[in-house]
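Heads up: the structure comes next, in structure tokens.
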Amino acid sequence: MAAALYDPEDGYYARPAGQVGKAGDFITSVSIGPLFGRLLARHIAAWHQNSGSPERWRVLETGANDGSLAADIITGLERLSADAGLEYVIIEPLPHLARIQRKRVPGAAVLESATLLADDPLPTFVFGNEVIDALLFHVIESDGTRWLELGVAVDENGTFLWHPLGPAAAEVVENLPVMPAGYRTEVRGRSVREFLQPLASSMAGGRMLWIDYGFPRDDYYHEARTTGTLRTFSRHRAGEDPLDSPGEIDITAHVDFTGLAADIDAVGGQVIRFEPQGRFLTHVARPWLLEMEGRTDDDAKKDLRAFQTLTHPGHLGSRFHVMEAAF
Ligand SMILES: C[S@@+](CC[C@H](N)C(=O)[O-])C[C@H]1O[C@@H](n2cnc3c(N)ncnc32)[C@H](O)[C@@H]1O
């Protein structure tokens, strides 16, 4: 998975950008238009004000892709006159995406890793949209008595095959009950904590907010979910075989939000919000909706349509959940 998605030359995310969006392989809330970023800007501005408007502060974005969301949030904060003292930082390990982001968002600093900020911790709002689902995971399968981790082998024809690695999965399975033989699922093991730790170390208090698709643990590892949540995406078509065309398709699995909360706790945070995206954005948008009242111009109509797509349970409103933590 690391090679298929993140190899700096052949990985899926290392290709020239264009995976996300209507012309790409899948859409995210960012593809709906600038409203998503503008509403996040309101939420960030409210946090900054409620924490006494620190003079120097940071917004730290992960998985910034082509920089569109960063640009929308910065514009949103400027329009609210809430950008004084702001340092907007993008953490981007892939060099070609970093180049695109520097060009698209000249006002942001783009760093390879958050460890570079550990010497200068600031009050910070850390976030990522659909990033946790893109972190590495292990595929595991029950043989009825224990979990086996599945690795990838190549047969004599050069075809990729699943192959049981044995009970090495014990280290990553932690507390998961053994399921009936053949039950296949995914676990992220240590990858989430390792991702969160440097981000947490760069904060002198603040918030972390993760938006993603996923379930609490009981739902995730439900008896009926026998083939897990692994999906591939290419040209808006979902598939289930990550060994098909590695490097050319996205590979993702839902987020175990119970596990994410435990990992947040382990790096010093406390979860203060877990709710569907629709409810979160409707709450954040209240003052904006009042401003929109009575407007019938084309811009307003466009924004209201985008708001519906982002919040309606039949669209993106219940597909995504928001987990926010205080530090
Ligand atoms: C599904 S895309 C989401 C893009 C964007 N946030 C959006 O909503 O349109 C996932 C992104 O997470 C990034 N990513 C994955 N692992 C990462 C890591 N360890 N650090 C920073 N970014 C990472 C990928 O490179 C990719 O750009």
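Would you point out which residue out of Arg231, Arg279 is at pLDDT 95 or above, basic (Lys, Arg), buried (at least 18 other Cβ atoms within 10 Å of the Cβ) and under 18 Å from Thr28 (Cα atoms)?
Going through Arg231, Arg279 in turn, just one is at pLDDT 95 or above, basic (Lys, Arg), buried (at least 18 other Cβ atoms within 10 Å of the Cβ) and under 18 Å from Thr28 (Cα atoms): Arg231.
Are any of the residues in region 6-15 closer than 29 Å to Arg237 by Cα and of a type in the set (Gly, Ala, Ser)?
Yes, region 6-15 contains at least one residue that is closer than 29 Å to Arg237 by Cα and of a type in the set (Gly, Ala, Ser).
Would you check if there is a residue in region 137-160 being in a helix (DSSP H, G or I) and within 16 Å of the ligand (Cβ to nearest atom)?
no
Just give me the residues in region 38-62 being in contact with a Phe, Trp or Tyr (Cβ under 9 Å, 6 or more places away or on another chain) and open to solvent by 30 Å² or more (accessible area, probe 1.4 Å), in sequence order.
Arg38, Arg42, Ser51
Out of the residues in region 122-133 that are touching a helix residue (DSSP H, G or I) at 6+ places or on another chain (Cβ under 7 Å) and of a type outside the set (S, T, N, Q), which is nearest to the ligand (Cβ to nearest atom)?
Ile132
Given the criterion acidic (Asp, Glu), assigned to a loop (DSSP other than H, G, I, E, B) and open to solvent by less than 90 Å² (accessible area, probe 1.4 Å), identify the matching residue among Asp241, Asp303, Asp263.
Just one listed residue meets the conditions, Asp241.
Have a look at Asp66, Asp10 and point out the one that is assigned to a loop (DSSP other than H, G, I, E, B), assigned by TED's automatic domain parsing to the domain that holds Leu117 and either in contact with a Phe, Trp or Tyr (Cβ under 8 Å, 6 or more places away or on another chain) or within 9 Å of the ligand (Cβ to nearest atom) (or both).
Answer to the selection: Asp66.
In region 160-219, which residues are in contact with a Leu (Cβ under 7 Å, 6 or more places away or on another chain) and among the charged types (D, E, K, R)?
If the condition is that a residue be in contact with a Leu (Cβ under 7 Å, 6 or more places away or on another chain) and among the charged types (D, E, K, R), then Glu186, Arg188 are the ones that fit.
Confirm whether Met292 is of a type outside the set (S, T, N, Q) and surrounded by 19 or more Cβ atoms within 10 Å (Cβ to Cβ).
So Met292 fails the test.
Kindly provide the set of residues from region 201-228 that are surrounded by fewer than 22 Cβ atoms within 10 Å (Cβ to Cβ) and within 24 Å of Tyr12 (Cβ to Cβ), ordered by number.
Those that are surrounded by fewer than 22 Cβ atoms within 10 Å (Cβ to Cβ) and within 24 Å of Tyr12 (Cβ to Cβ): Tyr213, Thr227, Gly228.
Residue pairs, Cβ under 7 Å, 6 or more apart or interchain, first in region 221-243 and touching a residue at least 24 places away in the same chain (Cβ under 8 Å), second acidic (Asp, Glu) and assigned to a loop (DSSP other than H, G, I, E, B). List them.
Within 7 Å, the pairs are Leu230/Glu240; Phe233/Asp25; Ser234/Asp25; Ser234/Glu248; Arg235/Asp25; His236/Asp25.
Criterion first (in a strand (DSSP E or B) and not aliphatic (A, V, I, L, M)) does Thr185 satisfy it?
Spelling it out, Thr185 is indeed in a strand (DSSP E or B) and not aliphatic (A, V, I, L, M).
Which one is nearest to the ligand (Cβ to nearest atom) among residues in region 13-26 that are surrounded by 15 or more Cβ atoms within 10 Å (Cβ to Cβ) and of a type in the set (A, V, I, L, M)?
Applying the filter and picking the extreme gives Val20.
The values are calculated or read from the model by the stated rules, or taken from the named source; none is laboratory data. Quick caveat: nothing in here was measured; it's all calculated off a predicted structure. When we count neighbours, we look across all protein chains shown, and the Cβ atoms used for this are built from the backbone with ideal geometry, even at glycine. The accessibility values were calculated without ligands, DNA or RNA, using every heavy atom of the protein model including side chains. Shrake-Rupley method; radii C 1.70, N 1.55, O 1.52, S 1.80 Å.
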